[in-house]
Every structure is written in C-alpha cells, then in structure tokens.
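Novice: One structure follows; several queries about it will come next.
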Amino acid sequence: MEVVLHLRKNDFFITELLEKMPTAPDLSNINIEDFKYNLPDERIAKFPKENRDESKLLIHKNGIISQDQFKNIASYLPAKSLMVMNNTRVVRARLFFRKPTGALIEIFCLEPVSPTSEIQMAFQQRGEAIWNCMVGNARRWKSEPLKLELDNKGEPLTIKAEKIERSTDAFLIKFSWKPKILTLSEILELAGKIPLPPYLNRDAVDKDTETYQTVYARYDGSVAAPTAGLHFTETVFDSLKKKRIALDYLTLHVGAGTFKPVGDDGIDNHEMHTEQVLVSRNLIENLLQNIGHIIAVGTTSVRTLESLYWFGVNLEKDHHAIFKVKQFDPYQNTEQELLPITISLKNILNYMNRNQLDVLAGSTQLMIIPGYKFRIINGMITNFHQPRSTLLLLISAWLDTRWKDIYKFAMQNNFRFLSYGDSCLFL
C-alpha cells in the first residue's frame with residue numbers, strides 16, 4: 001500500500017491509496033513441511049542472558065542481514081516510530097497436589113469458565129472458581145478431591161481441586177480455598193509455579209519468576225510470556241526516548257495454544273487458539289497518528305494490531321459487531337469489503353464512543369499465514385520460533401521464503417533460539 005502523508009502544524013490528514021487485495025492464499029497449497037528446520041536441543045536457550053539487553057539482535061532490512069546486541073536496537077529503528085508492546089503478566093498457573101498415595105498431580109490453569117470467563121476479573125474472584133485446565137499424571141487421579149495445605153505467614157491456607165468433567169484435551173476443575181477473602185491471583189502467587197515452555201525441558205527455578213516476565217508486565221493473565229519483550233531494560237527505553245520513539249501498550253493474554261504445532265493434516269485443519277485482548281482508546285488514537293511508522297514488539301502485538309484492522313472492517317458491515325476476530329477472517333473478505341486503515345480505525349473509535357468505552361475488550365483467533373497482507377504494522381521485533389509453529393508461519397508471511405536465509409544465518413552465527421533466546425528486528 002502506498003501511503004501519502006500531508007502534514008500541517010497541529011493537524012494532519014492522510015490520503016491512502018489502497019491497492020487491490022491479492023487473491024486469498026489457498027490453504028491447501030501451503031505445506032507445513034516447508035516450515036521445518038533442524039533445531040538441535042543445544043541451540044535452545046535454557047536460561048536467559050544475565051543482562052537482558054546483551055542478547056544478540058539479528059537485523060533484516062532491505063534484504064540485508066546483520067547482527068548486533070539488543071541494547072543497540074534504537075540505532076536501527078526509524079526516528080519517531082511508534083512501538084507497541086504487550087503488557088500482559090505471566091501468572092503462576094501451575095499447581096501441584098500430592099495424593100495420600102504419594103502420586104503428584106499437576107494442574108495447569110488455562111482459562112477461566114465460571115463465574116466469569118474474562119481473565120482479569122477471574123483473578124479477582126474470592127473463595128472459588130471453575131477453570132479449564134490441563135492435568136499432568138491425570139490417570140492417577142480418579143474422582144476424589146485433591147487438597148493442598150500451605151502456611152501463609154503463620155496462617156493456614158487450604159486449596160481444594162475437584163474434577164468436574166473432561167473435554168478433548170483438558171479438564172474442567174473447580175477450585176475452592178480458605179481463607180475465602182483471598183483472591184485467585186493471591187492464591188496462585190502463594191501456591192503456584194511459573195509455567196515455563198515445555199521445550200525448555202527443565203523445572204522452573206526461583207529466578208524464572210523474574211526473568212520469564214517483561215519489565216513492563218502489568219496485567220495478570222498469560223501462561224506464556226510475550227518473549228520478544230524479555231530483552232527490554234530501562235537502558236533500552238532511555239535510548240528509544242532519545243531517538244524520539246514513542247511507546248504504547250496493548251494487552252493480549254497468551255494461552256498455552258501458542259506452543260501447539262501445526263499437524264500433518266495441514267493449516268486448514270489447524271484450530272488456532274483464541275486469546276483475550278484489551279486495547280485502549282489512547283492506542284487507537286496513537287495508531288491513527290502514526291500510520292506508516294508502527295513497530296510491533298512480538299507476534300502477540302502483531303496479531304492484536306492486525307486484528308484491530310479486521311474488527312474495523314467488520315464494523316463497516318455491522319455497527320453492532322463484537323470484537324471477536326476468527327482465524328480465517330482476512331481470507332474470507334472480498335476486495336470490495338476492504339477499507340483504508342484510517343477508516344477501519346475510525347470505525348473502532350466511533351464504536352467506542354457509541355458504547356462509552358475507554359478500553360475495548362475482545363478476542364482474536366487470527367492466523368497469519370504466507371499470503372497475508374499486513375495492514376497496521378511496518379516492522380516487528382520477535383524471537384526465533386519453533387519449526388512447524390503458527391508463529392513461524394506469521395514470520396514467513398512477513399519475510400516470504402527469506403526466513404530460511406535468516407534462520408540459517410542465525411544458526412551459523414551462534415544465535416540462541418526460542419523463549420529465552422536472542423531476538424530479531426524485521427523492517
């Protein structure tokens with residue numbers, strides 16, 4: 001898309017020349033085998049760098065690949081960019097119960113069900129709650145309630161877990177606890193363990209509660225960190241400020257589905273995970289002011305920002321549409337239904353005005369695959385991703401087949417991979 005900016009003092013207007021949408025990608029022609037690469041276990045970073053911003057940075061710009069340290073990232077970013085970051089906070093979502101027989105049962109809290117499915121409200125529940133959970137060693141847990149007893153600063157704390165029913169790959173679990181005055185957030189903070197990615201293949205250590213969290217994490221809700229943000233430090237923020245790079249935030253609560261690889265039956269049969277999203281009015285206004293200069297930190301921010309565009313498109317067709325973007329929405333819109341970015345974002349602002357909203361709450365299941373046309377973002381910061389993952393598909397949508405050269409360069413130059421690994425800047 002060509003974007004023409006006409007600027008006046010204290011005002012602006014934007015003319016967008018929207019090029020025709022290319023034919024939607026044929027999902028059956030995208031072979032997941034093309035997104036495999038050899039990732040030896042020794043290349044997976046099991047622990048982070050001692051200093052976050054001393055991780056390596058791979059830069060891809062104008063077809064050229066180079067490298068530096070993350071602490072110098074401001075040098076490679078266009079001045080006056082708007083950088084958008086995900087301020088979700090990883091919760092201690094793993095609870096361990098010991099049966100009288102000695103068997104250890106792990107309950108991994110995935111998403112709230114009752115009395116609310118809204119994540120941040122769910123963490124404020126007191127006394128009891130029902131969640132959808134994965135259960136480790138489930139065959140050793142029949143039907144009896146499990147109990148966990150702890151000491152909380154001299155006061156007894158008791159947590160009970162009851163199995164309600166089983167779904168395809170998870171369980172509905174009712175939690176109750178005493179004292180009831182405690183919130184679920186407080187319960188998990190006292191009794192839970194940090195949920196490290198399964199590919200780290202190690203137990204969490206105390207340090208992980210700090211290192212597997214961005215320094216700007218604010219809102220409880222994720223079971224996986226938005227790992228592109230793990231490299232940021234106050235020193236990096238100072239350097240961004242000196243370059244007049246603005247910062248803004250959104251919230252996407254990352255679910256465990258982010259680790260689910262695409263199966264052999266292909267992309268069109270892969271069910272993308274749905275994640276809850278919160279976006280402020282201020283962010284929408286900032287996006288409008290900075291079209292053409294938006295850098296997303298992490299694939300979670302990419303998916304949220306791009307989802308906003310499609311929500312705005314949906315609002316053009318139905319002013320009462322809810323913010324719920326499905327995984328193949330972009331590929332089902334006709335050319336005539338597409339909008340300039342400004343109109344899409346203004347549709348969202350009008351929706352928020354009509355409903356007197358300062359914060360827009362919704363969800364996205366958006367799946368970004370090769371052939372996708374990015375609408376909002378102009379660059380991204382991300383880590384290196386697993387083979388056959390939907391995250392690697394997203395990267396390929398941005399880079400096309402160049403991702404293979406970039407990953408080959410990273411392998412040859414001793415970059416560290418996955419959550420605690422090194423980072424990339426794609427412009």
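The values are calculated or read from the model by the stated rules, or taken from the named source; none is laboratory data. Remember, predicted model here, so these are calculated numbers, not experimental data. Every residue, glycine among them, receives a Cβ derived from its backbone with ideal geometry; neighbour counts consider all protein chains shown.
Novice: Name the pairs whose Cβ atoms lie under 7 Å apart, with the first residue in segment 391-413 and free of Cβ contacts under 8 Å to residues at least 12 places away in the same chain, the second assigned to a helix (DSSP H, G or I), and 6 or more positions between them or separate chains?
Specialist: Trp403/Ile395; Trp403/Ser396
Novice: Among the residues of segment 255-272, is any farther than 20 Å from Thr390 by Cα and either outside the structural domain of Thr304 (by TED's automatic domain parsing) or touching a Pro at 6+ places or on another chain (Cβ under 9 Å) (or both)?
Specialist: No: segment 255-272 contains no residue that is farther than 20 Å from Thr390 by Cα and either outside the structural domain of Thr304 (by TED's automatic domain parsing) or touching a Pro at 6+ places or on another chain (Cβ under 9 Å) (or both).
Novice: Does segment 145-166 include one or more residues that are surrounded by 15 or more Cβ atoms within 10 Å (Cβ to Cβ) and in a loop (DSSP other than H, G, I, E, B)?
Specialist: The answer is no, given that none of the residues of segment 145-166 is surrounded by 15 or more Cβ atoms within 10 Å (Cβ to Cβ) and in a loop (DSSP other than H, G, I, E, B).
Novice: Go through the residues of segment 178-185 one by one and say whether even a single one is farther than 26 Å from Leu104 by Cβ, outside the structural domain of Phe70 (by TED's automatic domain parsing), outside any strand (DSSP E or B) and over 21 Å from the mean Cα position of the chain (by Cα).
Specialist: Checked against the condition, which is being farther than 26 Å from Leu104 by Cβ, outside the structural domain of Phe70 (by TED's automatic domain parsing), outside any strand (DSSP E or B) and over 21 Å from the mean Cα position of the chain (by Cα), segment 178-185 yields at least one hit.
Novice: Then there is this: Would you mind finding the one in Lys408, Lys404, Lys373, Lys326 that is under 16 Å from the mean Cα position of the chain (by Cα) and not aliphatic (A, V, I, L, M)?
Specialist: Every option except Lys326 fails the conditions.
Novice: A further question on this structure: Scanning for something buried (at least 19 other Cβ atoms within 10 Å of the Cβ), small (Gly, Ala, Ser), in a helix (DSSP H, G or I) and in contact with a Ser or Thr (Cβ under 6 Å, 6 or more places away or on another chain), does segment 220-243 turn up at least one residue?
Specialist: Scanning segment 220-243 turns up at least one residue that is buried (at least 19 other Cβ atoms within 10 Å of the Cβ), small (Gly, Ala, Ser), in a helix (DSSP H, G or I) and in contact with a Ser or Thr (Cβ under 6 Å, 6 or more places away or on another chain).
Novice: Six or more apart or on different chains, Cβ atoms under 9 Å: show the pairs whose first residue is in segment 223-247 and farther than 20 Å from Arg303 by Cα and not assigned by TED's automatic domain parsing to the domain that holds Val277 and whose second is in a helix (DSSP H, G or I) and of a type in the set (Gly, Ala, Ser).
Specialist: Short answer, once both residue conditions are applied: none.
Novice: In segment 371-427, how many are part of a helix (DSSP H, G or I) and of a type outside the set (Val, Ile, Thr)?
Specialist: Residues meeting the conditions: 18.
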